[in-house]
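Q: The structure under discussion is supplied below as structure tokens; questions concerning it will follow.
The values are calculated or read from the model by the stated rules, or taken from the named source; none is laboratory data. The shown structure was predicted, so the numbers you read here are calculated from the model rather than taken from an experiment. All Cβ positions, even for glycine, are placed from backbone atoms using ideal geometry, and neighbour counts span all protein chains on display. What goes into the accessible areas is simple: the full protein's heavy atoms, side chains included, and nothing from ligands, DNA or RNA. Shrake-Rupley method; radii C 1.70, N 1.55, O 1.52, S 1.80 Å.
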Amino acid sequence: MSTTREAAPPSGAAAMEVDRLSVDVRTPEGTAHVVRDVSFTVRSGETLALLGESGCGKSMTAQAVAGFLEPVADVVGGEIRLNGSDLLALSAAARRRLAGPGLAIVFQDALTALNPVFTVGTQLAEPFRIHERLSRKAAKAKAVELMERVGIPEPRSRVDAYPHQFSGGMRQRLLIAMAVALRPSVLIADEPTTALDVTVQAQIMELLHDLRAEQDTALVLITHDLAVAAEHADHVAVMYAGSVVEAGPVGDVFADPRHPYTRGLLDSVPGSRNRGEPLRFIPGNPPDLRAVPTGCAFRTRCPIAREDCATHRPELSETGLGRAAACHYWKEAAHA
Amino acid sequence: MPDTVTRPPAPLVEAAGLTKSFKVPRSSAGTTRLRALDGVDLTLERGETLGLVGESGCGKSTLARVLLMLDRPDQGTLRFDGTDPLSLRGKELLAWRRRVQMVFQDPFASLNPRLNVAELIGEPWRTHRDLVPRGGRDRRVRKLLEMVGLREGDARRYPQELSGGQRQRIGIARALALKPDVIVCDEPVSALDLSVQAQVLNLLAELQAELDVSYVFISHDLSVVRHVADRVAVMYLGKVAETGRTEEIFANPRHPYTAALLSSAPAPVGSEGTSRQRILLRGEVPSPIDPPSGCRFRTRCWRAEDVCAEEVPPAEAHGGDPTHTAACHFPLEPAHPVPPVSGPQRG
Ligand SMILES: Nc1ncnc2c1ncn2[C@@H]1O[C@H](COP(=O)(O)OP(=O)(O)OP(=O)(O)O)[C@@H](O)[C@H]1O
Ligand code: SF4
Ligand code: SF4
Ligand SMILES: [Mg+2]
């Protein structure tokens, strides 16, 4: 009944490297630079949390990586290397052939992502029919197998049911099943548990954890929840206003944050103060991405900002072993 | 003068045996009844925060609606500062309504986009005309703006021009405009970013210290509840599974569901969470249309025995603290005994 999580496995080879990825979105009020020079690496068998508050560009980054951007959004720069090849240099058709076997995504609005008019069996069998050209019968057998693997009870009798006949947690399992069908080397999960109840969230996280270990998948876990990142990720990349502002092993980053924003976030967590004591907070709000402050995007809320923060944009640069921060004064942030 | 009263005063709110069901369509044909609340007892002291936790559909919002008298319970009693609001009608009921106000989860959906901030804050006075004399209203709006940390210049702005945190401040100012005794906060910070959430939680705490208002604080976020609540009630399928002082509940959950719920939430950042045992429950919450017999948690409980299917477990104290009760035939042993505290526990 009870389980204890084992230590993170040793880091494997880089499964995916995202290098200076930038995405623009055209809006009636102007162009928004929603993803600005985002870089991160995720290794096989490892979980990277992409952490940030709403609107910071987490989902756009994921959609750009997975090749599912909305028509109003464009990748305007950067590289996405999957097992060595640059996805952005591939033709759309070549990229689609890679998707599934190479990279899969579980979307944020998971509960609406299943097609209501087809049975779950048909939907689960589809990747096998397209990519592995299996017969209808063989693909359905695979679908049953998948349902079993993601912990859906009585898969044989439920394979012909429709999505609305499943609970929220079971539908999330189905979507994860679809994503992992072809054993992708990289799996992106965008807020996979936000819409679910806590006890079901724990079940889903356990499932992702098991699948990752079983298939040596590189998992990119997109979340706004610091506790989820702390508990489930090996590495974290903290995003603010479209950019990664800090990255490193999750335990190190949370124990010793080196960017004032990361520090402010950690201080805002209710558990960080005694009951009754006021919480610390970051003054103000995140900027409108159509009008990001010059220089450092965080400077309007930063407690240690100086004049050159308005004129020079800080690059994400190394601050120690495996760690990076985008702040001119990270040494002060570390000790503030 | 020394206070010679020996018995503690009655709580501000005292509810007993609240039951509420709704008619819902049956999957085959006709209708059936869904019990959203099934015999809920609850007390609330003046100036106290009661945290209400539980998963979706457990009845938190229905309980809130009953406390606000937006829904009438089918059964049960309600005492509010010496009166029985269920017996009130017409004008009396209208006047009573002022005393319990609500702050919603989605501040945007609850604000009329055609009214500016000053008008929004003064809107409740259209119904409760005598509360603030007409001549004093502008001053009162300014005072409320100041109390919730908005600028005077914000008074002429419209909700769509404001951030989520600012809108939630308006929601709080509107609730305060009627000088309530109780504010029911239904997920008041779940739509807000962490860095902004902290500002709103601080504001609620400051206002409580200043006005001695009581909060019923509904939240799915256990770390938020742990920070704000004096006492916690854990609900499951329309019943209170466990209730007690916040520290007690978090340190010594006695009901298996509470223990599972607490262990399901990821360990708070900064805590030593690695040695924690996680209790993974099987399945999901059953439908409230046809809930399990006996203990409603039994289909997911690892301690269930035959009696759990036959007898509804009564809410009882299982340790030294009489205010800590759990409705379970086989409660868990205390993990970290907390010394009992006399008198109401205030942060
Ligand atoms: N007007 C209604 N008609 C029919 N069923 C209702 C009505 N209001 C609530 N219910 C049902 O009553 C049960 C309890 O609902 P309630 O909204 O109180 O849950 P909750 O704990 O607030 O859940 P959540 O956290 O999802 O908001 C649910 O099963 C809900 O679907
Ligand atoms: S670069 Fe300047 S403004 Fe930006 S986070 Fe660092 S100190 Fe603050
Ligand atoms: S009464 Fe039985 S089923 Fe219910 S919580 Fe207690 S042990 Fe579990
Ligand atoms: Mg609710």
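Q: Within the group B:251, B:241, B:267, which residue is farther than 25 Å from residue A:283 by Cβ, small (Gly, Ala, Ser) and at pLDDT 95 or above? Spell out the reasoning first.
A: Working: B:251 fails: at pLDDT 95 or above; B:267 fails: at pLDDT 95 or above.
So the residue among B:251, B:241, B:267 that is farther than 25 Å from residue A:283 by Cβ, small (Gly, Ala, Ser) and at pLDDT 95 or above is B:241.
Q: Is there a residue being hydrophobic (A, V, I, L, M, F, W, C), open to solvent by less than 10 Å² (accessible area, probe 1.4 Å) and either at pLDDT below 95 or within 16 Å of ligand 3 (Cβ to nearest atom) (or both) anywhere in the stretch B:205-213?
A: Yes, the conditions are met somewhere in the stretch B:205-213.
Q: Hey, any hits in the stretch B:117-130 for a residue that's within 14 Å of another protein chain (Cβ to nearest Cβ), buried (at least 17 other Cβ atoms within 10 Å of the Cβ) and more than 16 Å from ligand 3 (Cβ to nearest atom)?
A: No.
Q: Only one residue in A:180, A:159, A:244, A:186 is more than 25 Å from residue A:131 (Cβ to Cβ), away from chain B (no Cβ under 13 Å) and out of contact with any Cys (no Cβ under 9 Å at 6 or more places or on another chain). Which one?
A: The unique qualifying residue is A:244.
Q: Report yes if some residue within the stretch B:161-179 is open to solvent by 30 Å² or more (accessible area, probe 1.4 Å) and more than 28 Å from the chain's Cα centre (by Cα); otherwise report no.
A: yes
Q: Here's something else I'd like to know. In the list A:326, A:334, which residue meets the criterion of being of a type in the set (A, V, I, L, M), touching a residue at least 40 places away in the same chain (Cβ under 8 Å), away from every other protein chain (no Cβ under 14 Å) and farther than 30 Å from residue A:31 by Cα?
A: The match here is A:334.
Q: Within the stretch A:216-228, count every residue that is within 14 Å of chain B (Cβ to nearest Cβ) and either modelled with pLDDT of 95 or more or surrounded by fewer than 24 Cβ atoms within 10 Å (Cβ to Cβ) (or both).
A: Going through the stretch A:216-228 one residue at a time, the tally reaches 6.
Q: Can you tell me which residues in the stretch A:256-266 are within 8 Å of chain B (Cβ to nearest Cβ) and in contact with a Phe, Trp or Tyr (Cβ under 8 Å, 6 or more places away or on another chain)?
A: The first filter runs over the stretch A:256-266 and keeps only residues within 8 Å of chain B (Cβ to nearest Cβ), leaving A:264-266.
Residues satisfying the conditions are A:264, A:266.
Q: While we're here: Give me a count of the residues in the stretch B:157-171 that are away from chain A (no Cβ under 14 Å), modelled with pLDDT under 90 and touching a strand residue (DSSP E or B) at 6+ places or on another chain (Cβ under 8 Å).
A: Of the residues in that region, 0 qualify.
Q: Also, I was wondering about something else. Which residues, taken from the stretch B:184-200, are open to solvent by less than 20 Å² (accessible area, probe 1.4 Å) and within 16 Å of ligand 4 (Cβ to nearest atom)?
A: B:184, B:185, B:188, B:189, listed by residue number.
Q: Hey, can you tell me all the residues within the stretch B:99-127 that are free of Cβ contacts under 8 Å to residues at least 40 places away in the same chain, not acidic (Asp, Glu) and not in a loop (DSSP other than H, G, I, E, B)?
A: Within the stretch B:99-127, B:118, B:126, B:127 qualify.
Q: Does the stretch A:197-206 include one or more residues that are more than 9 Å from chain B (Cβ to nearest Cβ), assigned to a strand (DSSP E or B), open to solvent by less than 30 Å² (accessible area, probe 1.4 Å) and modelled with pLDDT under 95?
A: No, the stretch A:197-206 has no match at all.
Q: Does residue A:111 satisfy being outside any loop (DSSP other than H, G, I, E, B) and modelled with pLDDT under 90? Full working, then the answer.
A: On the way: outside any loop (DSSP other than H, G, I, E, B): yes; modelled with pLDDT under 90: yes.
Considered against the rule, which asks whether it is outside any loop (DSSP other than H, G, I, E, B) and modelled with pLDDT under 90, residue A:111 comes out as yes.
Q: Further question on the same structure: For residues that are within 9 Å of ligand 3 (Cβ to nearest atom) and in contact (Cβ under 8 Å) with a residue 24 or more places away in the chain, scanning just the stretch B:305-331, find the one that is surrounded by the most Cβ atoms within 10 Å (Cβ to Cβ).
A: B:326
Q: Oh, and also: Sort out for me the strands (runs of 3 or more DSSP E) sitting completely within the stretch B:1-98 that have 3 or more residues that are open to solvent by 20 Å² or more (accessible area, probe 1.4 Å).
A: Per the criteria, B:13-25, B:31-44, B:75-80.
Q: Here's a follow-up. Can you find, within the stretch A:320-332, the residue that is surrounded by the fewest Cβ atoms within 10 Å (Cβ to Cβ) among those that are under 19 Å from residue A:295 (Cβ atoms) and of a type outside the set (Phe, Trp, Tyr)?
A: Taking the candidates together, the pick is A:331.
Q: May I ask you to list the residues in the stretch A:142-180 that are more than 13 Å from residue A:123 (Cβ to Cβ) and among the acidic types (Asp, Glu)?
A: Of everything in the stretch A:142-180, those that are more than 13 Å from residue A:123 (Cβ to Cβ) and among the acidic types (Asp, Glu) turn out to be A:145, A:148, A:154.
Q: Return yes or no: is residue A:102 modelled with pLDDT of 80 or more, of a type outside the set (Val, Ile, Thr), open to solvent by less than 50 Å² (accessible area, probe 1.4 Å) and under 24 Å from the mean Cα position of the chain (by Cα)?
A: So residue A:102 fits the description; yes.
Q: Restricting the search to the stretch A:11-64, which residues are within 14 Å of chain B (Cβ to nearest Cβ) and over 24 Å from residue B:191 (Cβ atoms)?
A: A:47
Q: Give me the residue from the stretch B:226-256 that is in a helix (DSSP H, G or I) and surrounded by 23 or more Cβ atoms within 10 Å (Cβ to Cβ) and, out of that set, nearest to the other protein chains (Cβ to nearest Cβ).
A: The qualifying residue nearest to the other protein chains (Cβ to nearest Cβ) is B:227.
Q: Would the stretch B:264-283 turn up any residue that is surrounded by 24 or more Cβ atoms within 10 Å (Cβ to Cβ), within 13 Å of ligand 3 (Cβ to nearest atom) and not in a loop (DSSP other than H, G, I, E, B)?
A: Looking through the stretch B:264-283, none of the residues is surrounded by 24 or more Cβ atoms within 10 Å (Cβ to Cβ), within 13 Å of ligand 3 (Cβ to nearest atom) and not in a loop (DSSP other than H, G, I, E, B).
Q: Can you tell me which residue in the stretch A:277-299 is farthest from residue A:314 (Cα to Cα), limited to those that are within 7 Å of chain B (Cβ to nearest Cβ) and open to solvent by 70 Å² or more (accessible area, probe 1.4 Å)?
A: In this case the residue turns out to be A:278.
Q: Further question on the same structure: Conditions first: (1) open to solvent by 30 Å² or more (accessible area, probe 1.4 Å); (2) in contact (Cβ under 8 Å) with a residue 40 or more places away in the chain; (3) under 19 Å from the mean Cα position of the chain (by Cα). Residue A:212 passes all but one, so which condition is the exception?
A: Only one criterion in (1) open to solvent by 30 Å² or more (accessible area, probe 1.4 Å); (2) in contact (Cβ under 8 Å) with a residue 40 or more places away in the chain; (3) under 19 Å from the mean Cα position of the chain (by Cα) is unmet by residue A:212, namely (1).
Q: Here is a follow-up. Could you list, in sequence order, the residues of the stretch A:252-276 that are within 30 Å of residue A:42 (Cα to Cα), surrounded by fewer than 17 Cβ atoms within 10 Å (Cβ to Cβ) and free of Cβ contacts under 8 Å to residues at least 12 places away in the same chain?
A: A:255
Q: When the residues of the stretch B:38-67 are narrowed to those that are within 18 Å of residue B:213 (Cα to Cα) and within 13 Å of ligand 4 (Cβ to nearest atom), which ends up nearest to the other protein chains (Cβ to nearest Cβ)?
A: Across the stretch B:38-67, the extreme among qualifying residues is B:52.
Q: Restricting attention to the stretch B:178-193, and to residues there that are more than 16 Å from ligand 1 (Cβ to nearest atom) and under 13 Å from residue B:97 (Cα atoms), which single residue is farthest from the other protein chains (Cβ to nearest Cβ)?
A: Here the answer is B:178.
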